[in-house]
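Quick notes on the structure that follows.
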């Protein structure tokens, strides 16, 4: 059958481009061993075998042997669509015993398996390369020990003076159509863990907004102290990095139990605008009372000139300007 007569499925969701050269090498070495499925003779749209067809074409083939063509005309249209998806996905489920695969490949002394995408040769990395990789994973390339101060060695931030007209949570930032507002992270941690993993990726997105609040990594009361300290460190480290990129960054003031008040505000810059959220505590009286104990300590230790408050005051009378925001859903 002429390759020119075979029609690729226009809504094929699988990206095969990277695999085509490797499959072409396999066909060149071993011949075309698999088959290609088409919807019918009258409608030769590919059901399975997109990569094989593209690989044959890249080798300069103009025809596919008829013995390598199968037709799926015994299936209903919806079955064909379902089978096309299933055939692609089921191949993704299989995994390898990597040790066994490595030994199998290395046993082939006269066959260069790297042609087919298998290369287990050790790579000689320069001295210190693994340490650099670790440092980058911990974002020490974004905020180093030299950027930290105090007994707890927390990252430093400069105070800012900003009064956004509204606040939007980070999970709506990408779809935003207007940017005259600030971005906060008072959502579940899993929704913004990516900003720690790849902080540089979000700089230009966050730059569009009036300001950005440092991430609200959780400091739950039942967390061990090192975990709480690590999450406070991460929040300040991102704040330090974003300020270095020219963003207007507001420090997020958060606390845990009463014992945390002795240390948890130490990394916050004195004066300026500070963000606070009381979400999640107003419905339970004891939680609200525990949370309210942090307000006087925040004012005493940090002396903010302005508090951006997401939620309720919990009955506390602040001694500085308070800009209160309501939680709402955004549609761009």
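Every number in this text was worked out from the coordinates using simple rules, so none of it is lab data. Just so it is clear, the model here is predicted, and its values are computed rather than measured. All Cβ positions, even for glycine, are placed from backbone atoms using ideal geometry, and neighbour counts span all protein chains on display.
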- Pick from 53, 302, 284: which is most flexible by mean-square fluctuation in a GNM of the chain where alpha carbon atoms under 10 Å apart are linked? 53
- Task: Using R₀ = 35 Å, calculate the FRET efficiency as 1/(1 + (r/R₀)^6) where r is the Cβ-Cβ separation of residue 327 and residue 33; round to 0.05.
- Result: 0.05
- Query: Quick one: if you stick a label point 7 Å off each Cα along the C-beta vector at residue 165 and residue 10, how many nm between them?
  - Reply: 4.3 nm
- Item | Inter-site label distance for residue 151 and residue 101 at 7 Å from Cα along Cβ, in nm | 5.2 nm
- Query: What residue among 137, 37, 271 has the largest mean-square fluctuation in a Gaussian network model of the chain, using Cα springs under 10 Å?
  - Reply: 37
- Angle between the Cα long axis of helix 20-30 and the longest principal axis of the chain, 0 to 90 degrees, nearest 10? 30 degrees
- Task: May I have the convex hull volume per residue, in Å³, for the Cα set of the chain?
- Result: 225 Å³
- Message: Among DSSP bridges having both ends in the chain, what percentage is antiparallel? Round to the nearest 5.
- Response: 20 percent
- Compute the distance in nm between two label points, each set 7 Å from the Cα along the Cα-to-Cβ direction, one at residue 320 and one at residue 194. 3.3 nm
- Would you please report the Å³ per residue occupied by the convex hull of the alpha carbon atoms in segment 3-116? 122 Å³
- residue 178 to residue 88: extension gain in nm, 0.36 nm per residue of separation minus the Cα-Cα distance? 28.4 nm
- What does the highest-first list of 202-211, 87-96 look like by mean Cβ count within 10 Å? 202-211, 87-96
- Item | residue 1-residue 312 FRET efficiency (beta carbon distance; Förster radius 51 Å; 0.05 resolution) | 0.10
- What is the log10 of I(q)/I(0) for segment 135-325, computed with the Debye formula using one identical point scatterer on each Cα and no solvent, at q = 0.08, 0.12 Å⁻¹? -0.23, -0.54
- Query: Taking the mean number of other Cβ atoms within 10 Å as a proxy for protection, how do you rank 257-265, 190-198, 243-251 from highest to lowest?
  - Reply: 243-251, 257-265, 190-198
- Considering only segment 135-325, what is the antiparallel percent among its DSSP beta bridges, to the nearest 5? 10 percent
- Task: Mind jotting down the distance between the C-alpha centroids of segment 288-312 and segment 204-233, whole Å?
- Result: 17 Å
- Query: Comparing 68, 149, 181, which has the greatest mean-square fluctuation in the GNM of the chain with Cα pairs linked when under 10 Å apart?
  - Reply: 68
- Query: How do 155-161, 321-327 rank on mean C-beta neighbours within 10 Å, highest first?
  - Reply: 155-161, 321-327
- Linear extension gain, residue 270 paired with residue 286, 0.36 nm per residue minus alpha-carbon span: 2.8 nm
